[in-house]
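What follows is one structure encoded as structure tokens, with my remarks underneath.
The values are calculated or read from the model by the stated rules, or taken from the named source; none is laboratory data. Predicted, not measured: the structure shown is a model, and the values here were computed from it. Counting neighbours? That spans all protein chains shown, and the Cβs are built from the backbone with ideal geometry, glycine included.
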Amino acid sequence: MLYREFRAPLLRNVRLLTGGDEQWAEDVFQEAALRAWRRADALSRERGELWAWMMTVSRRIVIDDRRQRGTRPVEVEAERGVDPAVPDGSEPTLSALVLAQVLPVLADHHREALVLVYLRDRSVGEAAAELGVPPGTVKSRIHYGLRALREAVGGPDGDGPLRR
């Protein structure tokens, strides 16, 4: 009888209380009907009184649900299939290994200029003063040293001692 007589009008009213949430309204109606069934012997059988009781219970259920939702953090669905990017820490290690293998292949004057400028973070002027040569000479040694490095690692033509 509860379902047949009260479901449609009660759902309309509860939908207003739940902000149009159909599923929540259905849950509230089911909970109110369950409470009415549990108290069936104590409830009045008059339609008006039973309707008033059902509306009061439904309103209180919505209020309790709102309070409970306000005290819990909002649940969110995690995106599936998207793995977070993990930085690969192997690049600096591999670069250091390659450099350790290739630097001895270079001419001494090229290696000295590259080590001072790129590995010890000296300016061209500082490297020139330390090597006792003009800055233009340091620039030239860096240029030709980098070219030799590319070739040793397997430059544009793809051959080099490390690629074999």
Practice task
Give the residues of the range 1-16 that are over 19 Å from L50 (Cβ atoms) and surrounded by 14 or more Cβ atoms within 10 Å (Cβ to Cβ), sorted by residue number.
Solution key: R15
Practice task
Take the range 26-71 and flag every residue that is over 20 Å from R4 (Cα atoms), of a type outside the set (K, R) and loosely packed, with under 11 Cβ neighbours inside 10 Å.
Solution key: A42, Q68, G70, T71
Handout entry: Residue among S123, S90 that alone is modelled with pLDDT under 90, among the small types (G, A, S) and surrounded by fewer than 16 Cβ atoms within 10 Å (Cβ to Cβ)
Key = S90
Handout entry: Of the criteria (1) closer than 20 Å to Q68 by Cβ; (2) in a helix (DSSP H, G or I), which one G19 fails
Key = (2)
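Out of E46, E5, E31, I need the residue that is modelled with pLDDT of 90 or more and either acidic (D, E) or assigned by TED's automatic domain parsing to the domain that holds R66 (or both). Which one?
That would be E31, the only listed residue that is modelled with pLDDT of 90 or more and either acidic (D, E) or assigned by TED's automatic domain parsing to the domain that holds R66 (or both).
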